[in-house]
Amino acid sequence: MKEIQFSIEINASKEKVWKILWGNATFRDWASIIDEGTYIKGVMKEGNEIQFISSVSGYGVTSLVEIFSPNEFVLFRHSADTKESGEQEREKEWTGGTESYSLTEKDGITTLTVKTDIPYEQEETFNIRFPRALERVKTLAEKKQ
């Protein structure tokens, strides 16, 4: 696996960016840019296992929420690759990798930094899709409410 990192500045509070990242509807919106139909199954809480699953392919990953600091940082450790909507294990493409989301705010501008381990053969895809997904997070977070 290879670690990649992306950052984006967003003209919104870190609390609002956090809600966009992990709210059910908004997560599905931006995460579908990376893997169509992606949703979260489970409760996001430190020590819990959750699943990221594609409703289109049924493939996903089971992850331990290793560190969970609301509005600031979350670290996932991928413990199993799954198929059939998380019901069965599959080849170990993502197992053992980590994925983190860090938010820092200064003068009303939030910097979102994502670090993730990816399979080498998917580097090109992620280098295209992840920046697009973060642009979508930015657009959603900067909308007036």
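The numbers here are math on the coordinates, done by the rules we state, and not lab data. Model, not experiment: these values are computed from the prediction. Neighbour counts are summed over all protein chains in view; Cβ atoms, including those assigned to glycine, are modelled from backbone coordinates with ideal geometry.
Before moving on, here are some points about what is shown:
- Percent of alpha-carbon pairs separated by more than 21 Å within segment 2-142: 38
- Selected from Lys115, Lys14, Lys106 as most flexible by GNM, with the chain as the system and alpha-carbon contacts under 10 Å: Lys106
- Residues Val56, Val61, Val114, sorted so that the one with the fewest Cβ neighbours within 10 Å comes first: Val56, Val114, Val61
- Sites Tyr120 and Glu36 - FRET efficiency at Förster radius 25 Å, r taken between beta-carbons, to 0.05: 0.70
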